[in-house]
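**Q** Structure below; questions to follow.
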2 protein chains.
Amino acid sequence: MSDVDVEAPGQPGRRPRGRPGYDRDTVLRRAIELFNRQGYDATSINDLAVDLGVSKSALYHHFDSKEALLSAALDEALEGLSSAVAAAADATRDESAYDRLRATVEAAVHILVAHLPAVTLLLRVRGNSPLEMSALERRRHIDEQLATLVRQAAAEGDLRDDVDPEVISRLVFGMVNSLTDWYRPDGPIPPDTIAAAVAGVLFQGLHASR
Amino acid sequence: MSDVDVEAPGQPGRRPRGRPGYDRDTVLRRAIELFNRQGYDATSINDLAVDLGVSKSALYHHFDSKEALLSAALDEALEGLSSAVAAAADATRDESAYDRLRATVEAAVHILVAHLPAVTLLLRVRGNSPLEMSALERRRHIDEQLATLVRQAAAEGDLRDDVDPEVISRLVFGMVNSLTDWYRPDGPIPPDTIAAAVAGVLFQGLHASR
């Protein structure tokens, strides 16, 4: 099967002119799904070609290597989270650290939900290659920005003082990240509802008693 | 190297008489560690023998198969959690469902911390064999008992009513289970402190406003 013969499902009769039948984004979505299902290390480019029903060269049209797919997936997950946390960490805004922290957590839930498969893949990365090490480093940087925000909110007296800010930061990310284990964006609970639930429980739980 | 020549480290000169140098529990601990580090599917009995520096027959002295090791590890994780949840689900006790729920969460944190590697392994099981399917089924049963307790506490008016009890139950387990990602029992935070932190944040967060 040559590249030009490949047609994307749902587009019968629409023959791509000299280009593979799946666009770059579709290839990436399917790769992320397959990596999550059978593990990145256990998945070959050939597995992905079989899964999509295309030739390996059709895949190489879009991505140079399996690692380029992983890299694009991790970028997708990290860029959203980075910008949400960076925006909230911007201390020139005149809200309290507590309010900025709460806004960050709600934004993080929305990003996680919008990019659920990519974030799931990110959370499973264990540092088996320089690419994975660099993703872990970027995750650590995000964690540190959130921890700084937690420490500021604690210093401003808005957070309970019987739990260490580092632990608070871990528990916040723990609850948010656990959504990847069960939340489905196409299920009965809309993204806004889950973001409000997570932020509601966490911030009532974290608030200093008045 | 024959079985009788094998000596456990730290026991120089103490030659086991006709038995392998590692006892059953040590073999199980090391197997769980290795499964967590490189994945159960990717680990062979041979890898474990190399890791322990013993012959494969020394391992088979204690466990019939790799699956028998996984089975023992999953039993360890599940038995502690099951009995904690079953004790709390016992409605003949005269505490409120809210108090029993809180006690269960604290007990679950203690069990998770005491059996951290086994619980970590349990949480990674994806149902790739009848044994794994049965472990997932037992996990689901525990989840259901906790969800029932959450619904009772909600019905008794002690839980916030703006978040669905099923979601509350997921978020509670999400925060508790996330400890496997970072908490180290030999680190600076004692088990009692982390159990109090998790229960403190969760139950302040979940309580109905007065």
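**Q** Taking the Cα centre of the protein assembly as shown as the origin and placing charges on Cβ (Lys, Arg +1; Asp, Glu -1), which of B:171, A:50, A:127 is farthest toward the positive end of the dipole?
**A** A:50
**Q** Distances from residue B:57 to the same residue in each other copy, label points 7 Å out along Cα→Cβ, in nm, shortest first?
**A** Values, ascending and in nm: 5.5.
**Q** To the nearest 20 debye, what charge dipole does the stretch B:78-210 have about its Cα centre, counting +1 at the Cβ of each Lys and Arg and -1 at the Cβ of each Asp and Glu?
**A** On the way: 13 positive and 19 negative charges, 67 e Å.
The dipole of the stretch B:78-210 has a size of about 320 debye.
**Q** Per-residue mean of other chain beta-carbon atoms within 10 angstrom of the beta-carbon, peptide B:168-174?
**A** 6
**Q** Using θ = phi - 60° and the Karplus relation 6.51 cos²θ - 1.76 cosθ + 1.60, list the HN-Hα couplings for the stretch A:111-119 in order, rounded to whole Hz, with x at every Gly or Pro.
**A** Going residue by residue, I get 5, 4, 5, 6, 10, 3, x, 5, 5 Hz, with x marking Gly and Pro.
**Q** May I ask for the net charge around residue B:178, where only other residues with Cβ less than 11 Å from the Cβ of residue B:178 are counted and Lys, Arg are +1 while Asp, Glu are -1?
**A** Spelling it out: positives minus negatives among the neighbours equals -1.
**Q** For residue A:207, what residues show an amide H to amide H distance below 5 Å, using hydrogens built from the backbone and excluding near sequence neighbours?
**A** A:160
**Q** Taking only Cα atoms, what is the 0 to 90° angle, nearest 10, from helix B:165-177's long axis to the longest principal axis of chain B?
**A** 40 degrees
**Q** Using each residue's phi in the stretch A:61-73, evaluate 6.51 cos²θ - 1.76 cosθ + 1.60 at θ = phi - 60° and report the 3J(HN,Hα) Karplus result to the nearest Hz, with x for Gly and Pro.
**A** Using θ = phi - 60°, the values come out as 4, 9, 10, 5, 6, 4, 5, 5, 5, 4, 4, 5, 5 Hz.
**Q** Average partner chain C-beta neighbours within 10 Å, per residue of B:176-185? Spell out each step's value before the answer.
**A** On the way: counts 4, 4, 10, 3, 1, 6, 7, 3, 0, 0.
Rounded to a whole number, the mean comes out at 4.
**Q** With a point put 7 Å past each Cα toward its Cβ, work out how far residue A:45 is from residue B:90 in nm, to one decimal.
**A** Reported label-point gap for residue A:45 and residue B:90 is 6.1 nm.
**Q** Can you pull the mean other chain C-beta count within 10 Å for peptide A:154-166?
**A** The per-residue average across the peptide is 2.
**Q** Could you name the lysines in cross-link range of residue A:66, using Cα to Cα under 25 Å and dropping any fewer than eight places away on the same chain?
**A** A:56
**Q** May I pose another question? In a GNM of chain B with a 10 Å cut-off on Cα contacts, which of B:177, B:128, B:46 has the highest mean-square fluctuation?
**A** Looking only at B:177, B:128, B:46, the biggest GNM fluctuation is shown by B:128.
**Q** Right, another one. For the stretch A:49-55, just list the computed ³J(HN,Hα) in residue order, Karplus coefficients 6.51, -1.76 and 1.60, θ = phi - 60°, integers in Hz, with x standing in for Gly and Pro.
**A** 4, 5, 4, 7, x, 10, 7
**Q** Using +1 at the Cβ of each Lys and Arg and -1 at the Cβ of each Asp and Glu in the protein assembly as shown, identify which of A:65, B:70, A:197 lies farthest towards the dipole's positive end.
**A** Checking the options against the dipole of the protein assembly as shown, the answer is A:65.
Bear in mind these aren't lab numbers, they're just calculated from the coordinates by the rules spelled out. Note that this is a predicted model, so its numbers are computed, not measured. Using ideal geometry, Cβ is built from the backbone for each residue, glycine included, and neighbour counts are taken over all protein chains shown.
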